[in-house]
Amino acid sequence: VTALLRQAGKGLAHQLSQGKNRAGSLASRVTMASELLNEQLGAMTHVVRNGGYIIRGVGCPLAAVTGKHPGVCLAMESLVTEVVGNPVHECCDRAGRPRCCFKISRK
């Protein structure tokens, strides 16, 4: 199931980014990923820069399923990884009102 969810996230990234390339600085790619989540999925995310990059959400566009199926966050982690081109770790808050969170690693 995990592999299937990760593959779904990768496919979604390719479909939603519609040819936008991963060129540019890490900062610009992280911003592009946050904007993609906002524009295409209705998320309300922003980028936090604190020695690294974190995409934080005010909410979660998939909240109806993430509480019962946290693996859905892995699909979104794969989506962000594909757009950013660096390793990403989901750090989503699934308690109460779920909120997205993706920590981007420097290679």
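The values are calculated or read from the model by the stated rules, or taken from the named source; none is laboratory data. Because the structure is a prediction, the values reported are computed rather than measured. Ideal geometry is used to build each Cβ from the backbone, glycine not excepted, and the neighbour counts take in all protein chains shown. For the accessible areas, the whole protein counts, side chains as well, though only heavy atoms, and no ligand, DNA or RNA atoms are used. Shrake-Rupley method; radii C 1.70, N 1.55, O 1.52, S 1.80 Å.
What the table shows:
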item	result
Complete set of residues in segment 37-54 that are part of a loop (DSSP other than H, G, I, E, B) and open to solvent by less than 50 Å² (accessible area, probe 1.4 Å)	A43, G52
Segment 67-107, residues that are open to solvent by 50 Å² or more (accessible area, probe 1.4 Å) and aliphatic (A, V, I, L, M)	A95
Residues located in segment 1-32, provided they are within 17 Å of P87 (Cα to Cα), of a type in the set (S, T, N, Q) and either under 13 Å from the mean Cα position of the chain (by Cα) or modelled with pLDDT of 90 or more (or both)	Q7, S25, S28, T31
Output for segment 89-101, where each listed residue is without any contact (Cβ under 8 Å) to a residue 60 or more places away in the chain and in contact with a Leu (Cβ under 9 Å, 6 or more places away or on another chain)	E90, P98
Residue that is nearest to H69 (Cα to Cα) [pool: residues in segment 1-52 that are in contact (Cβ under 8 Å) with a residue 40 or more places away in the chain and hydroxyl-bearing (S, T, Y)]	T2
Number of the condition not met by L16 [criteria: (1) in contact with a strand residue (DSSP E or B) (Cβ under 9 Å, 6 or more places away or on another chain); (2) open to solvent by less than 60 Å² (accessible area, probe 1.4 Å)]	(1)
Residues of segment 61-79 satisfying the condition of being within 19 Å of V30 (Cβ to Cβ) and without any contact (Cβ under 8 Å) to a residue 60 or more places away in the chain	P61, C73
Residue that is least open to solvent (accessible area, probe 1.4 Å), among those in segment 55-66 that are at pLDDT below 90 and aliphatic (A, V, I, L, M)	A63
